[in-house]
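Okay, so here's the structure we're looking at.
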Amino acid sequence: MSSLLVQQHSTAAPASRIRLLSARRLIVKIGSALIADAETGEIRGPWLETLIEDVVRFFARGQQVIIVTSGAVAVGSTHFNHLDRCLRVEEKQTAAAIGQVRLIRAYEQSFERHGFGVGQILLTRQDLDNQHRRLNAGSTLQQLLKVGAVPIINENDTTATAEICFGDNDRLAARVAQMVNADVVILLSNVDGLFSEDPHANPAARLVTEVRCITPEIEAMAGHPLARYSSGGMVTKLMAARIAMDAGCEMIIASGNKSYPLAAIENGGPSTWFVPLAQAHAGRR
């Protein structure tokens, strides 16, 4: 194992948690498998409420949180009543249009119980590649945070084509972090982090708790999506990590399967931290 990796239960974890507590601005990305029930496609309301309580706690101590959420297609697919097969492109886009409404309503209702409003932003890769659009999106995010509304971001699946889409929200979260000078990106998924091998195939696989450089050895550890609606997997998470680290932003991969997933990270739960060589802000153009 490379010296660039620090294994689970190392002394680096407490320092990383301290960095999380001191982060000024965080991006929290939520995978489809977390917010949508795998069997029914319905939104997992009780779990979502615990996540919102975590986010509200971050705001209460002066931190800012932007949420990048997946799940629109999974939630909207219930309208077609055939979850047992893959949807065609036009069906996915229709499901995204239906599911996004349900998704943003769930976030809005949960945050309203804690006195927060929300603002919805739908983006494509083209929006972030174009300087004028990127500046407009960044300005809107800044204003939402200024007025106390929680930004909820998703890819605009109803208009995106293969040429202009991200195809996964891992990289979208990292690009948003670049755009708003975030300090930490947290990718909540259905895995504890990056493992030396596929833990489903090899129970003896080791959790990598810290990565300071994405080497070919690290890239070789990436696997494939496990959930029906996941478009990412570890490959896209490593792509996101490279984007974040190049911008001087730390990134975390952790499981969101448990209640209060952000509190679990703070309390030392399993996770993989990607730590840039440059400090946040110093690595940005």
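Read-outs throughout are calculated quantities, based only on the coordinates presented, and are distinct from any laboratory measurement. Predicted, not measured: the structure shown is a model, and the values here were computed from it. With ideal geometry, Cβ positions are generated from the backbone for all residues, glycine too; neighbour counts draw on all protein chains shown.
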Shape category assigned to region 5-274 from the gyration tensor of Cα positions, a/c cut at 1.5: rounded
Cβ neighbours within 10 Å, averaged per peptide: list 197-206, 137-146, 169-178, 260-269 in order, most packed at the top. 169-178, 260-269, 137-146, 197-206
Karplus-derived HN-Hα couplings along region 201-206 (A = 6.51, B = -1.76, C = 1.60, θ = phi - 60°), whole Hz, x at Gly and Pro: 8, 9, x, 8, 4, 9
If the cut-off is a Cα-Cα distance under 23 Å, which lysines reach Lys258, setting aside same-chain residues fewer than 8 apart in sequence? Lys29, Lys237
Order by protection proxy (mean Cβ within 10 Å, highest first), peptides 41-49, 56-64, 92-100, 69-77: 69-77, 92-100, 41-49, 56-64
Work out from phi, with θ = phi - 60° and the Karplus expression 6.51 cos²θ - 1.76 cosθ + 1.60, the ³J(HN,Hα) of each residue of region 61-70, listed in order in whole Hz, and give x for Gly and Pro. 9, x, 8, 10, 10, 10, 9, 10, 10, 8
